[in-house]
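Worksheet: the structure to be examined is printed underneath.
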Amino acid sequence: MPVQTIADVDLSQKDVLVRVDFNVPLESGKIADNSRIRAALPTIEYLIRRAAKVILLSHLGRPKAQKNLKYSLRPAAQELSQLLGRPVLFLEDCLGDDVQKTIAEMGPGSVVMLENLRFYAEEEANDREFAKKLAAYGNAYVNDAFGTAHRAHASTAGVPGLLPIKVAGFLMQKELEFLGNRTANPERPFTVILGGAKVSDKIGVIDALLDKCDNMLIGGAMAYTFHLAQRKKVGNSLVEKDRVSDAQAALQKAEKRGVKIFLPADSIATDALDFEARTIGAAKTVSEDIPDGWQGVDIGPKTIEIFGDIIKKSKTIFWNGPMGIFEISACSKGTFAVAKAVAQSSGISIVGGGDSITAINKSGFSDQISFMSTGGGASLEFLEGKEMPGVAALMVKSDKH
Ligand code: AMP
């Protein structure tokens, strides 16, 4: 059901709690990729223009309910301030009298960021008292954190239940539009590209998307579990033997529904791999069967060509997961070739998942992608058709008053 967005309600002069997803990757205390912060700017800027008081809530990493400054949101607040070109007040806690007083004294159009909500166990436990304390800071709620909307936490499910106005931000709206409407009623042909390590993580989404797509291109290690299901040789490749029956069921479903599943016609294989050192031993291109003692680490040149051709002819594309161990440059060609093909296609392109987004960003083609989903696990759960507590907590369009 379509939810109301910040454009549907009057938030001017309101004190607005905005749940953002500033769970950004940090390297030596510095933000390695600010995409998630940039993605929230339209909502924050819109609220500033309406002279709302903007109170930002987020989590960062997994601090395990401890105040661990390694997971402080201070760098995110500083980055946001730079991007907005205006001050963002950072508060060293998300609870307490000082926090309450500071927020109460803030003027219209000002922005404050509270410290990591997950410093408190109550956040993930969706504790009612904790939610009440947060809700008391404002009189309206905006959820722009699609990446955590699949979790029923205090800031995603508890707080909105306590406030009269609860709507989606622009980013959340975009996520729901692209992952919802555009894949439910896609322009055809609709091609889904899946990669990554595990079939087990993606079997739900494979099953759900087989009901919607015309082609499914499977790369990464998960392709070799499918190859096992087809009784091909996989050598030492990373496979999940206990998922072969799932792969078999997916292949059968695809056949029944007339969906074409494409697996690697060839692979790059190596006889040694040191992930930490980012090196591999000897490398060669092998056919569908991978010899003993060798492991598939990337899709091969023929597969790049086949996948590229299908991508080019597609009107809607959804991509999640790398085609190989793309962190090692010798195994990254397939992933970057797919990134380029997806970017250059004239169809609607939707990319989800951290690795695929990193690959797109590194390839320099990110501006040619129709939509990059910020929520990895959340995108997959949403595509599977699971209810998202953070979305269910918002007002639906027919609720309009
Ligand atoms: P996922 O989180 O399931 O999307 O998996 C992402 C990970 O899959 C990346 O870290 C890749 O290095 C890894 N991966 C992709 N292809 C392979 C492969 N052929 N063998 C081992 N790992 C792979």
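The values are calculated or read from the model by the stated rules, or taken from the named source; none is laboratory data. All values derive from a computational prediction rather than experimental measurement. Every residue, glycine as well, gets a Cβ built from its backbone with ideal geometry; the counts of neighbours run over all protein chains shown. Calculation scope for accessible area: heavy atoms of the full protein, side chains included, ligands and nucleic acids excluded. Shrake-Rupley method; radii C 1.70, N 1.55, O 1.52, S 1.80 Å.
In table form, for the structure just shown:
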read-out	value
Estimated vicinal HN-Hα couplings, Hz - segment 245-256 in sequence order (Karplus 6.51, -1.76, 1.60; Gly, Pro = x)	5, 5, 5, 4, 4, 5, 4, 5, 4, 4, 5, 5
Scattering profile of segment 325-376 at q = 0.18 Å⁻¹ [log10 I(q)/I(0), Debye over alpha-carbon scatterers]	-0.50
Fraction of accessible area attributable to carbon and sulfur, the chain (%, probe 1.4 Å)	47
Trypsin sites (Lys or Arg not before Pro) within segment 331-401, DSSP loop, no more than 16 other Cβ atoms inside 10 Å	Lys386, Lys400
Segment 15-173, Rg to Rh (Cα coordinates; Rh as Kirkwood inverse mean 1/r)	0.92
Using distinct alpha-carbon pairs, which all enter the 1/r mean, Kirkwood radius of segment 241-335 in Å	14.8
For segment 186-363, average projected area of the Cα convex hull in nm²	9.1
Helix 74-84 axis, angle to the chain major axis (alpha carbon atoms, nearest 10°)	90
Separation of the Gln368 and Ala265 label points, Cα + 7 Å toward Cβ, nm	2.2
Folded to 0 to 90 degrees: helix 35-49 orientation relative to the chain principal axis, Cα	30
Cα centre as origin, Lys/Arg/Asp/Glu Cβ charges: segment 237-277 dipole, Debye	540
Taking N as its residue count, the alpha carbon Rg of the chain over 2.2 N^0.38 Å	1.05
Helix 199-210 vs. the chain, principal-axis angle (Cα, 0 to 90°, nearest 10)	90
